[in-house]
Amino acid sequence: MANFPKKIFITDNLILKNPVIVASGTFGFDGYGSGIVNKFNFSSLGAIVMKSTTLLPRVGNPTPRFYHGKHWTLNSIGIENPGIDSIIENYLPSWKDWDVSVILSIAGESIDEYLQMATKLKVHTGICALELNVSCPNVENGMEIGQDPIMTKKLVESIKKEIELPIIVKLSPNVTDIRPIAIAAEEGGANALSLTNTLYGMTLNKETHKSVLGTIGGGVSGFALKPVALSMVWKAFQVVDIPIIGVGGISNIHDALEYMNAGATAFQIGVANYANPRLPLDILRDLNAYCNKHKITDYHFLTGISHNM
Ligand SMILES: Cc1cc2nc3c(=O)[nH]c(=O)nc-3n(C[C@H](O)[C@H](O)[C@H](O)COP(=O)(O)O)c2cc1C
C-alpha cells in the first residue's frame, strides 16, 4: 500500500502497529484466544486485550450469562477466569512469541488485589501493557472503583509505583459524568484510557417474567452502547491529554472512524467478534483503504477532528 499510515503512539514504551485492538473478554471462547488463535493470523492487528484476570480463579456467575437483543447484547459472565498464577504459568510464555502486542486486563475488588497481581507480573515478559478493569465492585463500599475518582486515582498511582508497564485504565460508563474520573486516572499516572466497559442493564423474559440471565442484570454491549460510549470519548477528549481508546458497538469502519473523530487514538472491537472473528482484520483493511483514498499518512490525523468543526 502506497501511503501506509504511521504507527499508533500510546506512550514511549507502547507503540502499536495500528489503532485496531480486540477488546477484553471477546478474543475466542475463553477471552484468551481459545478456538481462534490457530485459525487466523492476528499479527497485523494493533493489539489484543486479554480477558480480565483476577487474583484468584473465578467460576463466574450462574447461567444463562448471555442474551442477544435486536441491537444489543447482555452478558453476566462474572469474569470467569483461571486466576493470575495460571495465566502466568500457562498463557504468558506463549504470548511472548506472538507477533502482536498483548495487553493483559486485570480486575480486583480492592487496590491490594490489583497490586498483588502487578507484583506477580512484573518479573515476566509477554505483555506490553496492563489494562485496569475498574468496573468490579469494591469490597470496601460496594461501588465500582471506576465510579469513584479518589479510588481511581489511588489505584493508578499505586500500580504505577509497582510496575513499569504502561497502564491503560478502562473506565465504567455507569457514572453521571465521566470527566472527573478520566481526570483522576490521568492524574494518577495512567498512560491511556479505554472508554468504555459495558453499561449496566437488564431484560425480562416475556413468558417467565424473570430475568433472561442467571443474575438480575448484566452488561450491555453492542450497537446500543455506541452513542453512550462515543459521547464519553468526546467528553474525556476535552479534559485529558493522554490517548483515549474507544470501545462500544464498533462493527464496521464507520463506527471506528466515528470514535477516532470524537477523540479516540485507537479503538477496540468487542462483542461483534463473536459473529465474525475476522472483523478486526476486515476493519483494519477498510481503515487502510480509507486512509489511502483520502491521502491520510498518519492515523493520528483522524483523532478528534470533529472537535474543530
Ligand atoms: C462476553 C463478554 C465478556 C467481556 N469480558 C470483559 C472482561 O473480562 N473485561 C473487560 O474489561 N471487559 C469485558 N467485556 C467488555 C468488552 O471488552 C467491551 O468493553 C464491551 O463489550 C463494549 O464493547 P462492544 O460493544 O464492542 O462489545 C466483555 C464483553 C463481553 C460481551
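The values are calculated or read from the model by the stated rules, or taken from the named source; none is laboratory data. Please read these numbers as outputs of a predicted model, since none were measured by experiment. Note that each Cβ is placed from the backbone with ideal geometry, even for glycine, and that neighbours are counted across all protein chains shown. SASA here: full protein model, heavy atoms, side chains in, ligands and nucleic acids out. Shrake-Rupley method; radii C 1.70, N 1.55, O 1.52, S 1.80 Å.
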Extension gain (nm, one decimal) between H254 and S110, 0.36 nm per residue minus Cα-Cα: 48.0 nm
Across 5 Å bins from the origin, how do the percents of Cα pairs in segment 182-309 run, short distances first? 2, 11, 18, 19, 18, 14, 9, 5, 3, 2, 0, 0
Taking protein heavy atoms only, a 1.4 Å probe, and rounding to whole percent, the accessible area of segment 177-264 owed to carbon and sulfur comes out at 57 percent
List the lysines whose Cα lies under 18 Å from the Cα of K206, skipping any in the same chain that are fewer than 8 positions away. K70
Report ³J(HN,Hα) in whole Hz for each residue of segment 243-255, in order, from the Karplus equation J = 6.51 cos²θ - 1.76 cosθ + 1.60 where θ = phi - 60°; Gly and Pro get x. x, 10, 10, x, 9, x, x, 7, 9, 7, 4, 5, 4
Could you look at segment 1-107 and say what percent of its accessible area is carbon and sulfur, using a 1.4 Å probe and all protein chains? 54 percent
Among K154, K293, K122, determine the one that fluctuates most according to a GNM of the chain built with springs between C-alpha atoms less than 10 Å apart. K293
If I build a Gaussian network model for the chain, linking alpha-carbon pairs within less than 10 angstrom, which residue out of M50, M260, M143 has the largest mean-square fluctuation? M143
Averaged across orientations, what area in nm² does the convex hull of the alpha carbons in segment 183-227 project? 4.8 nm²
Could you work out the helix-only [θ] at 222 nm for the chain, with each DSSP H run of four or more residues adding -39,500 (n - 2.57) and the total divided by the number of residues, to the nearest 500 deg cm²/dmol? -7500 deg cm²/dmol
Members of K17/K96; K51/K170; K120/K160; K51/K235; K51/K226; K170/K295 lying beyond 23 Å, as alpha-carbon distances in this model show: K51/K235; K170/K295
R0 = 25 Å: FRET efficiency of K295 with F9, Cβ-based, nearest 0.05? 0.75
Which of rounded, prolate or oblate describes segment 122-180 when judged by the alpha-carbon gyration tensor and an a/c cut-off of 1.5? prolate
Kirkwood Rh over alpha-carbon pairs of the chain, then Stokes-Einstein at 25 °C and 0.890 mPa s: what D in µm² s⁻¹, rounded to an integer? 127 µm²/s
A correct Kirkwood calculation over the Cα atoms of segment 1-73 returns a hydrodynamic radius in Å of 15.1 Å
Accessible area expressed per residue, the chain, with surrounding protein chains retained (probe 1.4 Å, Å²): 44 Å²
Among 201-208, 38-45, 144-151, how do they line up by average Cβ neighbours within 10 Å per residue, starting with the highest? 144-151, 38-45, 201-208
